[in-house]
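Step one of this worksheet: look at the structure below.
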Amino acid sequence: MKTADFDPVAYKAAQRRMWGGVAAGWEKWWPTIERTMGAVTERIAERAQVRPGHTVLDVATGIGEPALTVAPRVRPGGKVVATDQAPEMLDIARRRAAAAAAENVEFLEADAERLAFPSGAFDAVVCRFGLMFLPDVGRFLRRVHALLVPGGRFVTAVWDQPEHSPPDDLGVAIAMSMFGLPGPPPGAPTFYGLAGGVLEGEMARAGFRRIRAERVPADFEWPSIEICQQYLRDVIPFFATVAEQPPDRQAEFWRVHAAAARKFAGPDGTIRSRSTAICIVGVT
């Protein structure tokens with residue numbers, strides 16, 4: 001199947017719809033997500049080196065992280081501004097902030113590549129697993145550099161190239177083969193496109209210095225293949241593609257996926273897979 005030309009405007013509009021469509025799933029599965037990503041969130045917060053009185057920007061916050069982890073660290077006197085392009089995600093983030101009494105967090109709907117804040121407005125900028133979805137990472141990084149105070153820190157996490165594909169990657173590969181789906185067009189963001197030193201190079205070109213990267217484990221675990229598959233349906237936007245297929249083809253896909261994913265199963269049926277995040281910090 002021929003790959004279409006990449007249209008960044010249409011791509012971002014589709015991303016907004018897709019992530020809004022899985023917002024309820026993220027709320028439902030939040031404990032599972034944070035068991036996997038909590039160590040990454042904590043490392044981002046640590047490397048940001050925030051302290052009371054600081055102002056921090058969280059880009060692509062989803063339903064509120066790392067914003068809600070950072071918020072207590074800048075009290076008293078500090079605040080966190082958290083942005084996302086999906087209003088459905090932000091609605092959940094606001095509820096979570098209210099439940100946590102995190103009154104120093106402000107949530108704003110915003111395009112990550114068009115951040116309308118004054119230069120030097122933030123002591124730190126953080127972003128967890130958002131950069132790999134941006135059409136123009138270089139533009140974003142240059143803007144972040146301008147938004148930071150001198151000596152300010154940008155800390156982010158992206159997915160490393162996995163040594164073994166976890167069940168969600170496995171599902172994507174099966175679906176693309178089974179349904180004849182096209183690959184991403186040239187110039188489109190890809191899930192692992194910032195690994196292998198790519199992001200560090202982009203940060204250096206944007207003017208960041210003292211760039212440091214480290215790998216942080218992010219292990220996924222589900223009690224059974226059935227629960228794993230429900231998680232994928234609810235949380236990963238790509239699997240809406242499967243839901244668009246005729247019912248018999250959907251059933252066939254999930255049978256094939258279950259058979260392939262059993263290599264991740266332990267004796268008790270628990271599905272375990274190991275992934276690795278890259279946590280990167282740069283200083284202005």
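Computed values, structure above
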item: In degrees, nearest ten, helix 137-147 long axis to first principal axis of the chain (Cα); result: 30
item: Extreme residue, positive dipole direction of region 5-82, given options Pro66, Ala10, Met37 (C-beta unit charges); result: Pro66
item: 0 to 90° range, to nearest 10: angle between helix 30-48 axis and the chain longest Cα axis; result: 30
item: Spin-label proximity, Glu109 to region 54-91 - amide N less than 13 Å from point 7 Å beyond Cα toward beta carbon; result: 84-91
item: Theoretical ellipticity at 222 nm over the chain - DSSP helices of four or more residues, -39500 (n - 2.57) apiece, nearest 500; result: -12500 deg cm²/dmol
item: Convex hull volume of the chain per residue (C-alpha atoms, cubic angstrom); result: 126
item: Gap separating the Cα centres of region 66-142 and region 34-64, nearest whole Å; result: 9
item: Spatial separation of Cα centroids for region 171-208 and region 214-284, in angstrom; result: 18
item: Length-normalised contact order of the chain in % [C-alpha pairs under 8 Å, at least 6 apart]; result: 22
item: Coil-residue GluC sites (Glu not before Pro) of region 217-281, DSSP, other Cβ within 10 Å capped at 12; result: Glu244
item: Partners for Lys12 among aspartates and glutamates (Cα-Cα distance below 15 Å; same-chain residues under 8 apart left out); result: Asp84, Glu109, Asp111, Glu113, Asp136
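Read the figures in this text as sums done on the coordinates, not as results from a lab. Computed from a predicted structure; not experimentally measured. Methodologically, a virtual Cβ is constructed for each residue, glycine included, from the backbone with ideal geometry; neighbour enumeration extends over all protein chains shown.
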